Amino acid sequence: MSVPTTLTVNGVKRTIEIDDPRVTLLDLLREHLHLTGTKKGCDRGQCGACTVIVDGRRINSCLALAISHDGAEVLTIEGVAQSGAQGGRLHPVQEAFIAHDGLQCGFCTPGQIMSAIAVIQEGEAGDDPERVREAMSGNLCRCGAYQGITEAVLEAQKALGAASVRKVA
Amino acid sequence: MKPFDYVRPATVQAAVAAAAEPGAVYLAAGTNLLDLMKGGVSRPNRLVDVSHLPDLDRIEELADGGVRIGALVRNADLARDLSFARRFPAVAEALLSGASAQLRNAATVGGNLLQRTRCAYFYDTASACNKRDPGAGCDARFGDNRQHAVLGWSESCIATHPSDFCVPLVALDAVVEIEGEAGRREIPLENFHRLPGDTPQRESMLEPGEMIVALRLPAAAAQFAAHARYLKIRDRTSYAFAVVSAAAALRIAGGAIAEARLALGGVALKPWRAREAEAILNGARADAALFDRAAQSALAAAKPSGGNGFKIELARRIVKRALTLAAAGTPERMPALPASPFAAVSGEVIHA
Ligand SMILES: Cc1cc2nc3c(=O)[nH]c(=O)nc-3n(C[C@H](O)[C@H](O)[C@H](O)COP(=O)(O)OP(=O)(O)OC[C@H]3O[C@@H](n4cnc5c(N)ncnc54)[C@H](O)[C@@H]3O)c2cc1C
Ligand code: SF4
Ligand code: FES
Ligand code: FES
């Protein structure tokens, strides 16, 4: 049985014949669409390396069945920079990660950046580093680049002129 | 992962019919189920995907002042719903202390209630586990069991229920709405999860094929909003299950506790309501000696199931701290580290 599944990935509509419902969203991105920017760390929801933004919300793509997300809009690390004739421009969060050494080996970085983009959109952490760390705690970094990551999120947020702290409760 | 067939019914009735087949299970977000399927712990023949069912993703205010939460409401959406979080702050705090932002964005209310134990031997198919394989034995009983139960356990199984969300819910008299082939029924959450006894494979009161459609909190649960906390001790600061946790909710009138609610997490195979401790608190003046007595009472029946005697004292202390912080008042704003017992003041920086 093969079921056509339609996803809009980084703005492009893609229809994929899923011949096995066991395929996760992560494997669909990496193995079927060859978008290997999204990483597989633990494959069990424990590390955040596979973080992508689905219908505006960050999730772990390793614990999502692709077939269950028929019709969804997916944003991956490949889709965040602006493309352009002169080579385009990195996303402000990507720039901030570079400026603040928010990485070492880089394996966790796509997930960190997708999570950071979502943290800024969620608008709940404000300029409190403790809230940023808590909001980013679903992304582990084996190299321990946490200090640079926190700084990068705070700076990118400023650069993006994000809305001030939204009241949570 | 074992192959399975996948169905996506359009109505609750069709879902219930599709799940009646032996070997069928419901799929919500899959954050627990897929993990277990990848490990070969769950081996369903059929997944009944309920995540697209209409109308189950709503938070409804009821005419009697209660609230009804659809089974597909995402954990993050419930915690972020301002009106809900204001009326049931300990529930919001528990939700925000669970898992990670990514997981909370996906995880559903129904899936959270029905998540399986995190016992490492249950997860390891090479180990003996009565829950996975009835009659096989329990390798946790004399194994690495520092995280295991201290209340309500049996020789058959010493596992705990891992949900944070369920702990304040059980304190606040939440009710589970269930749909099955025989129609609709409801069960108080307090009676929903089963203690292990001789049948640890039977985890809840759901009959095969029954589905959770909603969860209700009664209007009275909102009367605790000014003095309600959930506190959770973890092995690391964030993104970790509770070693022990407690939800405390007080209704304070005329300088005394008019009514108290107390429940513990991480201590048993179900969220543990401490009714005798509540009786000690009801009508009394809030002070440290009273909270000590309540904490002693809440753990009076506790006994170690292995190398986890420390959890009993830790649980007493978390109960006392939860009561103390609840009496001090619900913080204006959600603490930076929700449910952390280490931040005395909301927003206080814990790590320099
Ligand atoms: C790394 C990690 C850390 C975590 N940390 C925490 C934590 O600190 N605290 C915490 O509380 N939780 C934690 N969780 C667990 C998380 O809360 C659950 O995985 C989640 O709530 C499950 O919801 P779901 O919608 O994904 O359920 P699914 O995985 O889809 O389903 C879970 C179970 O419920 C059944 N089910 C789902 N919906 C229904 C329904 N409506 N009716 C009947 N049956 C249904 C399924 O058949 C399945 O058996 C963690 C998970 C991970 C992976
Ligand atoms: S404690 Fe329960 S879940 Fe863990 S191995 Fe024993 S029977 Fe299985
Ligand atoms: S690969 Fe998905 S969380 Fe680790
Ligand atoms: S940069 Fe190496 S894991 Fe984070």
Want the number for B:Asp198 to B:Ala240: 0.36 nm per residue separation, take away the alpha-carbon distance, what's left? 12.2 nm
Which residue, B:Leu262, B:Leu114, B:Leu36, tops the fluctuation ranking in a GNM of chain B built on C-alpha contacts under 10 Å? B:Leu36
With a/c under 1.5 counting as rounded, go ahead and sort the stretch B:198-352 into rounded, prolate or oblate using the C-alpha gyration tensor (a ≥ b ≥ c being the square roots of the eigenvalues; past the cut-off, prolate if a/b is larger than b/c, else oblate). rounded
Can you list the aspartates and glutamates whose alpha carbon sits under 19 Å from that of B:Lys2, skipping same-chain ones fewer than 8 residues off? A:Asp19, A:Asp20, A:Asp27, A:Asp43, B:Glu21, B:Asp35, B:Asp49, B:Asp124, B:Asp133
Quick check on chain B: take the gyration tensor over C-alpha atoms, sort the square-rooted eigenvalues as a ≥ b ≥ c, and tell me if it's rounded (a/c under 1.5), prolate or oblate. oblate
For peptide B:30-41, the mean count of other chain Cβ atoms within 10 Å per residue Cβ is 4
Enter the Cα centre distance for the pair the stretch A:127-150 and the stretch B:291-314, rounded to the nearest angstrom. 34
Count, for each residue of B:310-321, the Cβ atoms from other chains sitting within 10 Å of its Cβ, then give me the mean as a whole number. 0
Return one number: the angle in degrees, 0 to 90 and rounded to the nearest 10, between the long axis of the Cα atoms of helix B:310-328 and the longest principal axis of the Cα atoms of chain B. 60
What ratio of Cα Rg to 2.2 N^0.38 Å holds for the stretch B:1-54? 1.07
Can you order the peptides A:2-10, B:145-153 by their average number of other Cβ atoms within 10 Å per residue, highest first? B:145-153, A:2-10
Here the residues of the stretch B:1-29 whose accessible area is at least 40 Å² smaller with all protein chains than in the chain alone (probe 1.4 Å) are B:Met1, B:Phe4, B:Tyr6, B:Arg8
I need the phi-derived Karplus couplings for the stretch B:143-153: 6.51 cos²θ - 1.76 cosθ + 1.60, θ = phi - 60°, integer Hz, Gly and Pro marked x. x, 7, 10, 5, 8, 7, 6, 10, 10, x, 8
Over all directions, what mean area does the Cα convex hull of the protein assembly as shown project, stated in square nanometres? 24.3
Roughly how many whole Å is it from the C-alpha centroid of the stretch B:202-269 to that of the stretch A:14-62? 34
How large, in percent, is the carbon and sulfur part of the accessible surface of the stretch B:173-217 at a probe radius of 1.4 Å? 46
Short version: ³J(HN,Hα) in whole Hz for each residue of the stretch A:151-158, in order, from phi by Karplus 6.51 cos²θ - 1.76 cosθ + 1.60 (θ = phi - 60°), x for Gly and Pro, what are they? 4, 5, 5, 4, 6, 4, 4, 4
By what distance, in whole Å, do the Cα atoms of the stretch A:85-168 stretch along each of the three principal axes, largest value first? 37, 35, 16
Under the 7 Å Cα-to-Cβ spin-label approximation, B:Glu186 and B:Ala300 lie apart by a distance in nanometres of 3.2
Rounded, prolate or oblate (a/c below 1.5 giving rounded, otherwise prolate when a/b exceeds b/c) for the stretch A:28-169 by Cα gyration tensor: rounded
Among beta bridges that DSSP assigns inside chain B, antiparallel share in %, nearest 5: 85
How many percent of the accessible area of the stretch A:3-80 is carbon or sulfur, using a 1.4 Å probe? 44
The stretch A:55-117, relative contact order in percent, only Cα pairs under 8 angstrom and at least six apart counted: 30
Once you put a point 7 Å from the Cα of B:Asp64 and another 7 Å from the Cα of A:Thr6, both along the Cβ direction, what distance in nm separates them? 4.5
If the limit is 31 Å between Cα atoms, which of B:Lys38/B:Lys320; A:Lys39/B:Lys311; B:Lys38/B:Lys270; A:Lys39/B:Lys270; A:Lys13/A:Lys40; B:Lys131/B:Lys311 go over it? B:Lys38/B:Lys320; A:Lys39/B:Lys311; A:Lys39/B:Lys270
Length gained if B:Arg46 through B:Ala220 is fully extended, taking 0.36 nm per residue and subtracting the Cα-Cα distance, is 58.6 nm
Degrees, to the nearest 10: B:288-298 long Cα axis against longest axis of chain B: 30
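Multiplying the sequence separation of B:Asn282 and B:Phe310 by 0.36 nm and subtracting their Cα-Cα distance, what value in nm do you get? Spell out each step's value before the answer.
Working: separation 28, 0.36 × 28 = 10.08 nm, distance 2.82 nm.
Gain on stretching B:Asn282 to B:Phe310: 7.3 nm.
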Between B:Ala10 and A:Asp55, the two model label points (7 Å from Cα along the beta-carbon direction) sit apart by a distance in nm of 1.8
Using a 10 Å cut-off on Cβ to Cβ distances, tally the other chain neighbours for every residue of B:93-105 and report the average as a whole number. 6
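The values are calculated or read from the model by the stated rules, or taken from the named source; none is laboratory data. Everything numeric here is computed off the predicted structure, so don't read it as measured data. Positions of Cβ are backbone-derived with ideal geometry, glycine not excepted, and every protein chain shown enters the neighbour counts. In case anyone asks, the SASA skips ligands and DNA or RNA and just uses the protein heavy atoms, side chains included. Shrake-Rupley method; radii C 1.70, N 1.55, O 1.52, S 1.80 Å.
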